[in-house]
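Scroll down for the structure; my scribbles are underneath it.
The values are calculated or read from the model by the stated rules, or taken from the named source; none is laboratory data. What you see is a predicted model, and the numbers here were worked out from it, not measured in a lab. No Cβ is skipped: glycine too gets one built from the backbone with ideal geometry, and neighbour counts run over all protein chains shown. Ligands, DNA and RNA are stripped out before the accessible areas are found, and what is left, the full protein with its side chains, is counted by its heavy atoms. Shrake-Rupley method; radii C 1.70, N 1.55, O 1.52, S 1.80 Å.
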Amino acid sequence: MVSPRKRLKVVLVDDHTLFAESLQLALTFEGYDAHRVELPDEPRSEARLTSLIMRSQPRIVLLDLDLGQHGSGVRLIAPLARSGADVVVVTSSTEEARWGHALHAGARTVLSKTVPLGEIMGTVRRLNYGLSVLDVDDRERWIRAWAGQEKEMMEFRRRLAELSPRESQVLEHLMNGSTVGEIAKVRVVSETTVRTQVKSILAKLGVSSQIAAISIAHKAEWRAA
């Protein structure tokens, strides 16, 4: 149990209610002042979400990477850290590149939701006592994974920027699930014209299928200008 004089505030930011409530109960039983932030029904700006989370001045924030309609939790890490909180990411994602991105943004460590509850509790306890919570080799490996992916994404964004305005429109239609025939009808052109534009898109992106092109566009968070 945490002694009363060392009692500290822990805030949970997670849109998975059952997981968050279970963790909150465990933290409370351990003696921490723990509560879960109720995320607004409507998406909010980074600044407004940060203000909501920091309202109770938590020492530690346990943050999920996937916050439903509020998007990626990564965008909250830097402002939360600047506000004085130790951010621990607790996520169901297994992508080391995403973990590295979180660490690069200022998270103290990243934990999988599949680890035993005791491991999460142990991390909070170690932070409370000012101890290290992440192996240096793991940190470097995860950040390298993120840096490598970011380099790849920069190249994809460069290629996407080379698309013509009409090719960009076609790719956006494909991202929205439209077929070549549907795109032709909307743009009042022949299907042959659309297929030619699709071939050009694939060539510029260096891929061989529409699925791969759509995947690149989504990963790069691309939208037609």
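Residues whose amide H falls under 5 Å from that of Asp86, counting only those 5 or more places apart or on a different chain, are Ile60, Val61, with hydrogens built in the peptide plane. Net charge dipole, the chain: roughly 520 debye, given to the nearest 20, about the Cα centre with Cβ charges of +1 for Lys and Arg and -1 for Asp and Glu.
What the Cβ-Cβ distance of Arg48 and Thr17 gives, at R0 = 22 Å and to the nearest 0.05, is a FRET efficiency of 0.55. The computed semi-axes √(5λ) of the Cα gyration tensor in Å for the structure shown corresponds, within (i) 38, 23, 12; (ii) 43, 18, 14; (iii) 33, 18, 15, to (ii). Remark: segment 13-30, residue by residue, has Karplus-estimated 3J(HN,Hα) of 10, 7, 8, 9, 4, 4, 4, 5, 5, 5, 5, 4, 4, 5, 5, 5, 4, 6 Hz, where x stands for each Gly or Pro and the curve is 6.51 cos²θ - 1.76 cosθ + 1.60 at θ = phi - 60°. With Cα atoms as the point set, segment 16-88 shows a radius of gyration and Dmax of 12.0, 33 Å. The amide H of Thr109, built 1.01 Å from its N in the peptide plane, has Val89 as neighbours under 5 Å, considering only residues 5 or more places off or on other chains. Pair-distance distribution P(r) for segment 1-127, from all Cα-Cα distances in 10 Å bins starting at 0: 13, 49, 33, 4 percent. In the context of the full set of protein chains, residues of the chain present 54 Å² of accessible surface per residue (probe radius 1.4 Å, heavy atoms only).
Using 31 Å as the Cα-Cα cut-off, could you pick out the over-long pairs in Lys9/Lys219; Lys113/Lys204; Lys9/Lys151; Lys113/Lys219; Lys151/Lys185?
Distance filter (> 31 Å) returns Lys9/Lys219; Lys113/Lys204; Lys9/Lys151; Lys151/Lys185.
For Leu39, the amide hydrogen comes within under 5 Å of no other amide hydrogen, counting only partners 5 or more places away or on other chains and with H modelled in the peptide plane. Against the main long axis of the alpha-carbon atoms of the chain, helix 136-161 sits at an angle near 30°.
Given R₀ = 41 Å, what would the calculated FRET efficiency be for Glu38 paired with Glu182, taking r from the Cβ atoms and rounding to 0.05?
0.50
For segment 99-113, the Karplus equation 6.51 cos²θ - 1.76 cosθ + 1.60, evaluated at θ = phi - 60°, returns couplings of 5, x, 4, 4, 5, 4, 6, x, 5, 6, 6, 10, 10, 7, 5 Hz by residue, with Gly and Pro reported as x.
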